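Before any comments, here is the structure.
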Amino acid sequence: MTLLGAAPAAAEPSCYSALVNEWWCAQYVEDRRDDIVAATTEHLQITVAAVLLGLLIAFPLALLARRLPRLETTILGVSTGLYTVPSLALFPLLVPFTGLTATTVVIGLGVYALTILVRGFLDGFRSVPDDVVESAVGLGYGTTRLLFKVQLPLALPVLVAALRVATVSTVALTTVGTLVSYGGLGDLIAHGVQRNFRAELVTAAVLCVVLALLLDIVLVVAQRLLTPWARAGAR
Amino acid sequence: MTLLELTWDYLTTAGSWTGNGGLLDRLVEQLLLTVTALLLGMGVGLPLALWLGHIGRGGFLAVNVSNIGRAIPTFALLAVLVTADWPGPAQLGPYGRAGLATLIALALFALPPLVTNAYTAVREVSADVLEAADGMGMSGRQRFWRVELPLALPLVVSGVRLALVQVWATATIAALVAGPGVGAIIVSGFARNKYSEGIGAAFVVAVAALVLELLAAAAQRAVQPGRGATVRTS
(Lines give C-alpha, C1' and ligand atoms only; values in the text may rest on other atoms or scores of the structure.)
Protein backbone atom coordinates (compact mmCIF):
# COMPACT_ATOMS: atom_id res chain seq x y z
CA MET A 1 0.00 0.00 0.00
CA THR A 2 2.81 2.37 0.85
CA LEU A 3 4.54 1.49 -2.39
CA LEU A 4 1.40 1.95 -4.44
CA GLY A 5 0.67 5.24 -2.71
CA ALA A 6 4.14 6.61 -3.15
CA ALA A 7 4.73 5.54 -6.72
CA PRO A 8 2.16 7.67 -8.57
CA ALA A 9 2.98 10.68 -6.44
CA ALA A 10 6.59 10.42 -7.49
CA ALA A 11 5.70 9.71 -11.11
CA GLU A 12 3.43 12.68 -11.61
CA PRO A 13 4.04 15.56 -9.26
CA SER A 14 0.69 17.04 -8.38
CA CYS A 15 -0.31 20.08 -6.41
CA TYR A 16 -2.53 18.07 -4.11
CA SER A 17 -1.60 14.96 -2.19
CA ALA A 18 -0.97 13.86 1.35
CA LEU A 19 2.23 15.90 1.31
CA VAL A 20 1.46 18.85 -0.94
CA ASN A 21 -1.44 21.15 -0.12
CA GLU A 22 -1.42 24.08 -2.54
CA TRP A 23 -4.09 26.77 -2.39
CA TRP A 24 -4.69 26.64 -6.12
CA CYS A 25 -4.46 23.49 -8.20
CA ALA A 26 -5.50 23.15 -11.84
CA GLN A 27 -5.04 19.40 -11.58
CA TYR A 28 -7.75 19.23 -8.92
CA VAL A 29 -10.19 21.17 -11.10
CA GLU A 30 -9.51 18.77 -13.94
CA ASP A 31 -9.80 15.62 -11.82
CA ARG A 32 -12.98 16.63 -10.04
CA ARG A 33 -14.66 18.50 -12.86
CA ASP A 34 -17.90 16.52 -12.46
CA ASP A 35 -18.17 17.22 -8.73
CA ILE A 36 -17.47 20.90 -9.24
CA VAL A 37 -20.01 21.25 -12.06
CA ALA A 38 -22.65 19.42 -10.00
CA ALA A 39 -22.04 21.62 -6.94
CA THR A 40 -22.13 24.80 -9.03
CA THR A 41 -25.36 23.72 -10.71
CA GLU A 42 -26.98 22.98 -7.35
CA HIS A 43 -25.75 26.33 -6.03
CA LEU A 44 -27.26 28.18 -8.98
CA GLN A 45 -30.57 26.31 -8.72
CA ILE A 46 -30.94 27.03 -5.00
CA THR A 47 -30.02 30.70 -5.44
CA VAL A 48 -32.38 31.30 -8.35
CA ALA A 49 -35.24 29.42 -6.65
CA ALA A 50 -34.76 31.40 -3.43
CA VAL A 51 -34.66 34.80 -5.13
CA LEU A 52 -37.71 33.96 -7.27
CA LEU A 53 -39.58 32.80 -4.15
CA GLY A 54 -38.65 36.05 -2.41
CA LEU A 55 -39.78 38.06 -5.46
CA LEU A 56 -43.10 36.20 -5.70
CA ILE A 57 -43.94 36.86 -2.05
CA ALA A 58 -42.49 40.38 -1.87
CA PHE A 59 -44.64 41.75 -4.71
CA PRO A 60 -48.08 41.09 -3.17
CA LEU A 61 -46.75 42.05 0.28
CA ALA A 62 -45.53 45.39 -1.06
CA LEU A 63 -48.88 46.02 -2.79
CA LEU A 64 -50.65 45.21 0.46
CA ALA A 65 -48.37 47.53 2.43
CA ARG A 66 -49.07 50.34 -0.02
CA ARG A 67 -52.82 49.83 0.17
CA LEU A 68 -52.86 49.64 3.97
CA PRO A 69 -50.17 51.98 5.38
CA ARG A 70 -50.79 50.68 8.88
CA LEU A 71 -49.73 47.22 7.70
CA GLU A 72 -46.50 48.58 6.23
CA THR A 73 -44.89 49.03 9.66
CA THR A 74 -45.84 45.48 10.61
CA ILE A 75 -44.59 43.93 7.38
CA LEU A 76 -41.29 45.83 7.53
CA GLY A 77 -40.90 45.10 11.24
CA VAL A 78 -41.49 41.36 10.91
CA SER A 79 -39.22 41.02 7.88
CA THR A 80 -36.46 43.02 9.59
CA GLY A 81 -36.80 40.73 12.59
CA LEU A 82 -36.49 37.64 10.39
CA TYR A 83 -33.49 39.18 8.66
CA THR A 84 -31.60 39.45 11.96
CA VAL A 85 -31.87 35.69 12.54
CA PRO A 86 -28.55 34.15 11.40
CA SER A 87 -28.82 31.74 8.48
CA LEU A 88 -27.23 28.93 10.46
CA ALA A 89 -30.06 29.34 13.00
CA LEU A 90 -32.87 29.84 10.48
CA PHE A 91 -32.27 26.57 8.61
CA PRO A 92 -32.52 24.37 11.75
CA LEU A 93 -35.72 26.16 12.75
CA LEU A 94 -37.25 25.16 9.38
CA VAL A 95 -36.08 21.54 9.62
CA PRO A 96 -39.04 20.31 11.76
CA PHE A 97 -41.34 21.40 8.93
CA THR A 98 -39.37 20.77 5.74
CA GLY A 99 -36.75 18.22 6.84
CA LEU A 100 -33.20 17.91 5.52
CA THR A 101 -34.05 18.99 2.00
CA ALA A 102 -33.13 21.67 -0.49
CA THR A 103 -36.57 23.17 0.25
CA THR A 104 -35.31 24.16 3.72
CA VAL A 105 -32.46 26.13 2.19
CA VAL A 106 -34.63 27.71 -0.52
CA ILE A 107 -37.29 28.85 1.97
CA GLY A 108 -34.69 30.17 4.43
CA LEU A 109 -32.83 32.13 1.77
CA GLY A 110 -36.15 33.24 0.27
CA VAL A 111 -36.98 34.90 3.60
CA TYR A 112 -33.79 36.97 3.49
CA ALA A 113 -34.33 37.90 -0.17
CA LEU A 114 -37.93 38.80 0.66
CA THR A 115 -36.84 41.32 3.29
CA ILE A 116 -34.59 43.15 0.84
CA LEU A 117 -37.12 42.94 -1.99
CA VAL A 118 -40.17 44.23 -0.07
CA ARG A 119 -38.15 47.35 0.72
CA GLY A 120 -37.03 47.49 -2.91
CA PHE A 121 -40.63 47.39 -4.19
CA LEU A 122 -41.79 50.02 -1.69
CA ASP A 123 -38.85 52.36 -2.37
CA GLY A 124 -39.34 51.76 -6.09
CA PHE A 125 -43.03 52.68 -6.03
CA ARG A 126 -42.19 55.71 -3.93
CA SER A 127 -39.66 56.82 -6.58
CA VAL A 128 -42.42 57.10 -9.22
CA PRO A 129 -43.26 60.82 -9.59
CA ASP A 130 -46.76 61.68 -8.40
CA ASP A 131 -47.57 63.81 -11.45
CA VAL A 132 -46.82 60.87 -13.74
CA VAL A 133 -49.32 58.72 -11.84
CA GLU A 134 -51.79 61.59 -11.91
CA SER A 135 -51.51 62.05 -15.67
CA ALA A 136 -51.94 58.31 -16.19
CA VAL A 137 -55.09 58.38 -14.09
CA GLY A 138 -56.22 61.42 -16.06
CA LEU A 139 -55.70 59.45 -19.26
CA GLY A 140 -58.10 56.84 -17.91
CA TYR A 141 -55.66 54.17 -16.66
CA GLY A 142 -57.30 51.69 -14.30
CA THR A 143 -55.52 50.38 -11.18
CA THR A 144 -54.09 47.27 -12.83
CA ARG A 145 -53.00 48.98 -16.02
CA LEU A 146 -51.52 51.84 -13.99
CA LEU A 147 -49.53 49.34 -11.93
CA PHE A 148 -48.14 47.27 -14.77
CA LYS A 149 -47.77 49.93 -17.47
CA VAL A 150 -46.64 52.94 -15.42
CA GLN A 151 -45.66 52.30 -11.82
CA LEU A 152 -43.80 49.01 -12.17
CA PRO A 153 -41.67 50.04 -15.19
CA LEU A 154 -40.75 53.36 -13.54
CA ALA A 155 -39.94 51.59 -10.25
CA LEU A 156 -37.67 49.15 -12.07
CA PRO A 157 -34.30 50.88 -11.52
CA VAL A 158 -34.76 50.99 -7.73
CA LEU A 159 -36.24 47.50 -7.73
CA VAL A 160 -33.36 46.03 -9.74
CA ALA A 161 -30.88 47.63 -7.35
CA ALA A 162 -32.57 45.72 -4.50
CA LEU A 163 -32.70 42.57 -6.62
CA ARG A 164 -28.94 42.78 -7.21
CA VAL A 165 -28.27 43.10 -3.48
CA ALA A 166 -30.61 40.17 -2.75
CA THR A 167 -29.09 37.97 -5.47
CA VAL A 168 -25.46 38.59 -4.57
CA SER A 169 -26.06 37.97 -0.87
CA THR A 170 -28.14 34.86 -1.62
CA VAL A 171 -25.26 33.37 -3.63
CA ALA A 172 -22.98 33.88 -0.62
CA LEU A 173 -25.51 32.59 1.91
CA THR A 174 -26.32 29.43 -0.07
CA THR A 175 -22.99 28.02 1.16
CA VAL A 176 -24.43 27.81 4.71
CA GLY A 177 -27.00 25.32 3.39
CA THR A 178 -24.26 22.73 3.81
CA LEU A 179 -25.65 22.28 7.34
CA VAL A 180 -28.50 20.27 5.81
CA SER A 181 -26.21 18.95 3.02
CA TYR A 182 -27.67 21.26 0.38
CA GLY A 183 -25.13 24.02 0.20
CA GLY A 184 -24.00 23.76 -3.42
CA LEU A 185 -20.41 24.99 -3.46
CA GLY A 186 -20.65 25.26 0.34
CA ASP A 187 -20.57 21.45 0.48
CA LEU A 188 -17.18 21.54 -1.24
CA ILE A 189 -15.93 24.20 1.20
CA ALA A 190 -17.11 22.12 4.17
CA HIS A 191 -15.44 19.01 2.75
CA GLY A 192 -12.27 21.00 2.11
CA VAL A 193 -12.20 22.18 5.73
CA GLN A 194 -12.81 18.67 7.11
CA ARG A 195 -10.03 17.13 5.03
CA ASN A 196 -7.76 20.18 5.23
CA PHE A 197 -7.84 20.26 1.43
CA ARG A 198 -6.97 23.82 0.43
CA ALA A 199 -7.40 23.56 -3.34
CA GLU A 200 -10.95 22.28 -2.95
CA LEU A 201 -12.18 25.02 -0.64
CA VAL A 202 -10.44 27.82 -2.51
CA THR A 203 -11.83 26.66 -5.87
CA ALA A 204 -15.34 26.57 -4.41
CA ALA A 205 -14.91 29.97 -2.76
CA VAL A 206 -13.68 31.57 -5.98
CA LEU A 207 -16.55 30.02 -7.94
CA CYS A 208 -19.01 31.50 -5.42
CA VAL A 209 -17.67 35.00 -5.98
CA VAL A 210 -17.60 34.50 -9.77
CA LEU A 211 -21.20 33.24 -9.70
CA ALA A 212 -22.30 36.29 -7.71
CA LEU A 213 -20.51 38.57 -10.16
CA LEU A 214 -22.03 36.87 -13.22
CA LEU A 215 -25.58 37.01 -11.86
CA ASP A 216 -25.03 40.68 -10.98
CA ILE A 217 -23.96 41.40 -14.56
CA VAL A 218 -26.99 39.51 -15.92
CA LEU A 219 -29.28 41.73 -13.82
CA VAL A 220 -27.55 44.93 -14.94
CA VAL A 221 -27.91 43.90 -18.59
CA ALA A 222 -31.54 42.89 -18.04
CA GLN A 223 -32.28 46.28 -16.52
CA ARG A 224 -30.71 48.07 -19.47
CA LEU A 225 -32.82 46.06 -21.89
CA LEU A 226 -36.00 46.61 -19.88
CA THR A 227 -35.54 50.35 -19.38
CA PRO A 228 -34.40 51.71 -22.75
CA TRP A 229 -35.74 55.18 -21.83
CA ALA A 230 -33.25 55.51 -18.97
CA ARG A 231 -30.35 55.21 -21.39
CA ALA A 232 -31.92 57.65 -23.85
CA GLY A 233 -32.38 60.19 -21.07
CA ALA A 234 -28.80 59.89 -19.93
CA ARG A 235 -27.40 60.81 -23.30
CA MET B 1 -42.15 12.20 20.42
CA THR B 2 -42.03 14.67 17.61
CA LEU B 3 -38.97 16.74 16.83
CA LEU B 4 -40.55 19.86 18.29
CA GLU B 5 -41.32 18.10 21.57
CA LEU B 6 -37.77 16.77 21.76
CA THR B 7 -36.48 20.30 21.16
CA TRP B 8 -38.71 21.63 23.92
CA ASP B 9 -37.35 18.90 26.21
CA TYR B 10 -33.79 19.87 25.35
CA LEU B 11 -34.42 23.55 26.03
CA THR B 12 -36.18 22.92 29.34
CA THR B 13 -33.51 20.59 30.71
CA ALA B 14 -31.14 22.43 33.04
CA GLY B 15 -28.24 20.23 31.94
CA SER B 16 -28.41 21.61 28.39
CA TRP B 17 -27.66 25.10 29.67
CA THR B 18 -24.99 24.49 32.28
CA GLY B 19 -21.57 22.90 32.16
CA ASN B 20 -18.65 23.10 29.81
CA GLY B 21 -19.82 23.60 26.24
CA GLY B 22 -23.40 24.07 27.42
CA LEU B 23 -25.74 26.70 25.99
CA LEU B 24 -24.82 29.39 28.54
CA ASP B 25 -21.12 28.73 28.12
CA ARG B 26 -21.38 29.02 24.34
CA LEU B 27 -23.67 32.03 24.51
CA VAL B 28 -21.16 33.96 26.63
CA GLU B 29 -18.40 32.91 24.24
CA GLN B 30 -20.35 34.16 21.23
CA LEU B 31 -21.31 37.44 22.92
CA LEU B 32 -17.66 38.01 23.84
CA LEU B 33 -16.60 37.33 20.23
CA THR B 34 -19.30 39.62 18.86
CA VAL B 35 -18.51 42.54 21.14
CA THR B 36 -14.73 42.25 20.64
CA ALA B 37 -15.03 42.01 16.86
CA LEU B 38 -17.51 44.87 16.67
CA LEU B 39 -15.22 47.10 18.77
CA LEU B 40 -12.25 46.09 16.59
CA GLY B 41 -14.19 46.89 13.43
CA MET B 42 -15.39 50.21 14.85
CA GLY B 43 -11.89 51.13 16.01
CA VAL B 44 -10.49 50.62 12.54
CA GLY B 45 -13.43 51.39 10.28
CA LEU B 46 -15.12 54.41 11.84
CA PRO B 47 -12.11 56.78 12.11
CA LEU B 48 -11.07 55.88 8.56
CA ALA B 49 -14.55 56.32 7.08
CA LEU B 50 -15.28 59.53 8.98
CA TRP B 51 -11.95 60.99 7.94
CA LEU B 52 -12.48 60.00 4.29
CA GLY B 53 -15.92 61.58 4.47
CA HIS B 54 -14.50 64.73 6.04
CA ILE B 55 -11.87 65.24 3.33
CA GLY B 56 -14.30 63.98 0.68
CA ARG B 57 -12.06 61.34 -0.82
CA GLY B 58 -12.14 57.60 -1.34
CA GLY B 59 -15.88 57.48 -1.97
CA PHE B 60 -15.43 54.73 -4.53
CA LEU B 61 -13.73 52.53 -1.97
CA ALA B 62 -16.19 53.34 0.81
CA VAL B 63 -19.19 52.40 -1.31
CA ASN B 64 -17.68 49.35 -2.97
CA VAL B 65 -16.45 47.76 0.23
CA SER B 66 -20.10 46.86 0.86
CA ASN B 67 -20.50 45.24 -2.54
CA ILE B 68 -17.34 43.21 -2.08
CA GLY B 69 -18.34 42.19 1.44
CA ARG B 70 -21.68 40.94 0.20
CA ALA B 71 -20.21 38.80 -2.56
CA ILE B 72 -17.69 36.96 -0.39
CA PRO B 73 -19.33 34.13 1.58
CA THR B 74 -18.50 34.42 5.29
CA PHE B 75 -18.15 30.65 5.36
CA ALA B 76 -15.50 30.76 2.60
CA LEU B 77 -13.40 33.38 4.38
CA LEU B 78 -13.61 31.46 7.65
CA ALA B 79 -12.60 28.27 5.83
CA VAL B 80 -9.54 29.93 4.31
CA LEU B 81 -8.47 31.48 7.63
CA VAL B 82 -8.82 28.21 9.53
CA THR B 83 -7.02 26.12 6.91
CA ALA B 84 -4.13 28.58 6.58
CA ASP B 85 -0.94 28.23 8.61
CA TRP B 86 -1.85 31.49 10.31
CA PRO B 87 -4.22 32.12 12.11
CA GLY B 88 -5.31 28.49 11.76
CA PRO B 89 -7.58 26.63 14.18
CA ALA B 90 -5.58 27.45 17.34
CA GLN B 91 -7.36 28.01 20.63
CA LEU B 92 -7.45 31.65 21.77
CA GLY B 93 -8.21 32.13 25.47
CA PRO B 94 -11.90 32.72 26.20
CA TYR B 95 -12.63 32.97 22.47
CA GLY B 96 -12.41 29.21 22.03
CA ARG B 97 -11.10 27.05 19.21
CA ALA B 98 -10.15 28.98 16.06
CA GLY B 99 -10.73 32.12 18.15
CA LEU B 100 -8.30 34.34 16.28
CA ALA B 101 -9.49 33.22 12.83
CA THR B 102 -13.09 33.87 13.91
CA LEU B 103 -12.28 37.31 15.34
CA ILE B 104 -10.52 38.35 12.13
CA ALA B 105 -13.42 37.18 9.96
CA LEU B 106 -15.98 38.87 12.20
CA ALA B 107 -14.11 42.18 12.29
CA LEU B 108 -13.70 42.12 8.50
CA PHE B 109 -17.40 41.49 7.94
CA ALA B 110 -18.29 44.28 10.38
CA LEU B 111 -16.37 46.77 8.21
CA PRO B 112 -18.66 47.13 5.14
CA PRO B 113 -21.78 48.44 6.93
CA LEU B 114 -19.67 50.56 9.29
CA VAL B 115 -17.55 52.16 6.58
CA THR B 116 -20.28 52.70 4.01
CA ASN B 117 -22.72 54.22 6.50
CA ALA B 118 -20.18 56.45 8.25
CA TYR B 119 -18.78 57.74 4.96
CA THR B 120 -22.23 58.41 3.49
CA ALA B 121 -23.34 60.05 6.75
CA VAL B 122 -20.56 62.64 6.66
CA ARG B 123 -20.94 63.25 2.94
CA GLU B 124 -24.67 63.81 3.29
CA VAL B 125 -24.31 66.75 5.67
CA SER B 126 -25.88 69.51 3.62
CA ALA B 127 -23.61 71.94 1.80
CA ASP B 128 -25.48 74.92 3.30
CA VAL B 129 -24.64 73.81 6.81
CA LEU B 130 -20.97 73.33 5.91
CA GLU B 131 -20.89 76.76 4.29
CA ALA B 132 -22.42 78.30 7.39
CA ALA B 133 -19.78 76.56 9.53
CA ASP B 134 -17.02 77.92 7.31
CA GLY B 135 -18.62 81.35 7.39
CA MET B 136 -18.54 81.30 11.18
CA GLY B 137 -14.81 80.84 10.91
CA MET B 138 -14.66 77.24 12.08
CA SER B 139 -11.45 75.37 11.39
CA GLY B 140 -11.59 72.01 9.62
CA ARG B 141 -11.28 70.23 12.94
CA GLN B 142 -14.00 72.28 14.61
CA ARG B 143 -16.28 71.76 11.64
CA PHE B 144 -15.81 68.01 11.93
CA TRP B 145 -16.39 67.71 15.68
CA ARG B 146 -19.15 70.30 16.07
CA VAL B 147 -21.04 70.02 12.79
CA GLU B 148 -20.34 66.95 10.70
CA LEU B 149 -20.08 64.32 13.43
CA PRO B 150 -23.24 65.28 15.36
CA LEU B 151 -25.27 65.45 12.16
CA ALA B 152 -23.83 62.17 10.91
CA LEU B 153 -24.31 60.30 14.19
CA PRO B 154 -27.75 58.74 13.55
CA LEU B 155 -26.61 57.16 10.28
CA VAL B 156 -23.31 56.06 11.83
CA VAL B 157 -25.21 54.32 14.63
CA SER B 158 -27.48 52.67 12.09
CA GLY B 159 -24.32 51.28 10.49
CA VAL B 160 -23.19 49.93 13.86
CA ARG B 161 -26.60 48.28 14.22
CA LEU B 162 -26.26 46.61 10.80
CA ALA B 163 -22.72 45.54 11.67
CA LEU B 164 -23.93 43.99 14.92
CA VAL B 165 -26.48 41.84 13.09
CA GLN B 166 -23.84 40.83 10.55
CA VAL B 167 -21.24 39.97 13.21
CA TRP B 168 -23.70 37.91 15.25
CA ALA B 169 -24.66 35.94 12.13
CA THR B 170 -21.03 35.38 11.15
CA ALA B 171 -20.14 34.33 14.70
CA THR B 172 -22.80 31.63 14.40
CA ILE B 173 -21.40 30.42 11.08
CA ALA B 174 -17.92 30.09 12.61
CA ALA B 175 -19.12 26.73 13.92
CA LEU B 176 -19.10 25.35 10.37
CA VAL B 177 -15.29 25.42 10.52
CA ALA B 178 -15.33 23.87 14.01
CA GLY B 179 -15.13 27.32 15.57
CA PRO B 180 -16.59 28.70 18.79
CA GLY B 181 -20.06 29.97 19.69
CA VAL B 182 -23.58 28.59 20.02
CA GLY B 183 -23.36 27.52 16.39
CA ALA B 184 -21.07 24.72 17.57
CA ILE B 185 -24.05 23.09 19.30
CA ILE B 186 -26.16 23.48 16.14
CA VAL B 187 -23.50 21.93 13.92
CA SER B 188 -22.63 19.09 16.30
CA GLY B 189 -26.33 18.37 16.82
CA PHE B 190 -26.81 17.99 13.08
CA ALA B 191 -23.60 16.00 12.67
CA ARG B 192 -24.64 13.48 15.38
CA ASN B 193 -28.27 13.20 14.22
CA LYS B 194 -29.37 14.88 17.48
CA TYR B 195 -31.53 17.33 15.61
CA SER B 196 -33.42 18.46 18.72
CA GLU B 197 -30.16 19.87 20.17
CA GLY B 198 -29.35 21.65 16.92
CA ILE B 199 -32.83 23.13 16.64
CA GLY B 200 -32.87 24.13 20.31
CA ALA B 201 -29.53 25.93 19.99
CA ALA B 202 -30.76 27.58 16.79
CA PHE B 203 -33.75 28.90 18.72
CA VAL B 204 -31.43 30.38 21.36
CA VAL B 205 -29.29 32.04 18.65
CA ALA B 206 -32.38 33.48 16.97
CA VAL B 207 -33.82 34.89 20.19
CA ALA B 208 -30.45 36.38 21.14
CA ALA B 209 -30.23 37.99 17.68
CA LEU B 210 -33.64 39.58 18.13
CA VAL B 211 -32.76 40.86 21.62
CA LEU B 212 -29.50 42.38 20.30
CA GLU B 213 -31.39 43.99 17.42
CA LEU B 214 -33.97 45.49 19.80
CA LEU B 215 -31.22 46.85 22.07
CA ALA B 216 -29.43 48.35 19.06
CA ALA B 217 -32.69 49.87 17.84
CA ALA B 218 -33.22 51.45 21.27
CA ALA B 219 -29.68 52.83 21.22
CA GLN B 220 -30.30 54.23 17.76
CA ARG B 221 -33.50 55.93 18.88
CA ALA B 222 -31.59 57.53 21.75
CA VAL B 223 -29.21 59.34 19.39
CA GLN B 224 -31.89 60.27 16.84
CA PRO B 225 -32.30 64.07 16.97
CA GLY B 226 -36.05 64.23 16.34
CA ARG B 227 -37.28 61.64 18.80
CA GLY B 228 -40.49 59.93 17.93
CA ALA B 229 -40.00 60.79 14.30
CA THR B 230 -39.13 57.36 12.97
CA VAL B 231 -36.96 58.09 9.98
CA ARG B 232 -35.88 54.92 8.28
CA THR B 233 -32.30 55.24 7.16
CA SER B 234 -31.77 51.89 5.57
At a probe radius of 1.4 Å, figure out the A/B buried accessible area, summed over both chains, and give it in Å² to the nearest 100. 3000
Peptide A:92-101 - average C-beta neighbours from other chains (10 Å radius): 5
With a probe of 1.4 Å, find how much accessible area chain B has per residue, and write the answer as a whole number in Å². 47
For an R0 of 35 angstrom, estimate the FRET efficiency from the Cβ-Cβ distance between B:Gln91 and A:Leu71 and round to the nearest 0.05. 0.10
Rounded to the nearest 10 Å², the accessible area of A:Trp229 at probe 1.4 Å: 120
Roll a 1.4 Å probe over the protein heavy atoms and report the accessible area of B:Glu124 in Å², nearest 10. 130
Under 20 °C and 1.002 mPa s, how fast does the stretch B:93-230 diffuse according to Stokes-Einstein, given a Kirkwood radius computed over C-alpha pairs? Answer in µm²/s, whole number. 122
Eigenvalues of the alpha-carbon gyration tensor of the stretch A:90-235, times 5 and square-rooted, give semi-axes in Å, largest first, of 40, 19, 9
Just the number please: accessible area per residue for the stretch A:65-187, 1.4 Å probe, all protein chains included, in Å². 41
At a 1.4 Å probe radius, carbon and sulfur cover how many percent of the accessible area of the protein assembly as shown? 66
Between helix A:102-126 and chain A: long-axis angle, C-alpha atoms, 0 to 90°, nearest 10: 30
At a 10 angstrom cut-off on C-beta neighbours, averaged per residue, how do the peptides B:160-168, B:87-95 rank from highest to lowest? B:160-168, B:87-95
Per residue of B:78-84, what is the mean number of Cβ atoms on other protein chains within 10 angstrom of that residue's Cβ? 6
Please report, in debye to the nearest 20, how large the charge dipole of the protein assembly as shown is about its Cα centre when each Lys and Arg carries +1 at its beta carbon and each Asp and Glu carries -1 there. 1080
Could you work out the relative contact order of the stretch B:1-114, using alpha carbon pairs under 8 angstrom and six or more residues apart, expressed as a whole percent? 29
Counting only other chains, what is the mean number of Cβ atoms within 10 angstrom of the Cβ of each residue in peptide A:76-85? 5
Sites B:Ala84 and B:Ala191, calculated FRET efficiency, Cβ-Cβ separation with R0 22 Å, nearest 0.05: 0.40
Quick check: with the 1.4 Å probe, what order do B:Met1, B:Met42 take by accessible area, largest first? B:Met1, B:Met42
The rounded separation in angstrom of the Cα centers of the stretch A:178-235 and the stretch A:105-158 is 26
Arrange the residues B:Ser139, B:Ser66 by how much accessible surface each exposes, largest first, with a 1.4 angstrom probe. B:Ser139, B:Ser66
Accessible area of A:Phe97 in the full protein assembly, 1.4 Å probe (Å², nearest 10): 150
Report the one residue of A:Leu211, A:Leu71, A:Gly183 whose Cα lies farthest in the direction of the positive end of the charge dipole of the stretch A:28-225 (charges on C-beta: Lys and Arg +1, Asp and Glu -1; origin at the Cα centre). A:Leu71
For chain A, the longest principal axis of the Cα atoms and the Cα long axis of helix A:87-98 enclose an angle in degrees, to the nearest 10, of 80
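The values are calculated or read from the model by the stated rules, or taken from the named source; none is laboratory data. Predicted model only: the values in this text are computed from it and were never measured. Here Cβ is always computed from backbone atoms with ideal geometry, including for glycine, and neighbour counts include all displayed protein chains. Each accessible area value is taken on the protein alone, full model and side chains, heavy atoms only, with ligands, DNA and RNA left out. Shrake-Rupley method; radii C 1.70, N 1.55, O 1.52, S 1.80 Å.
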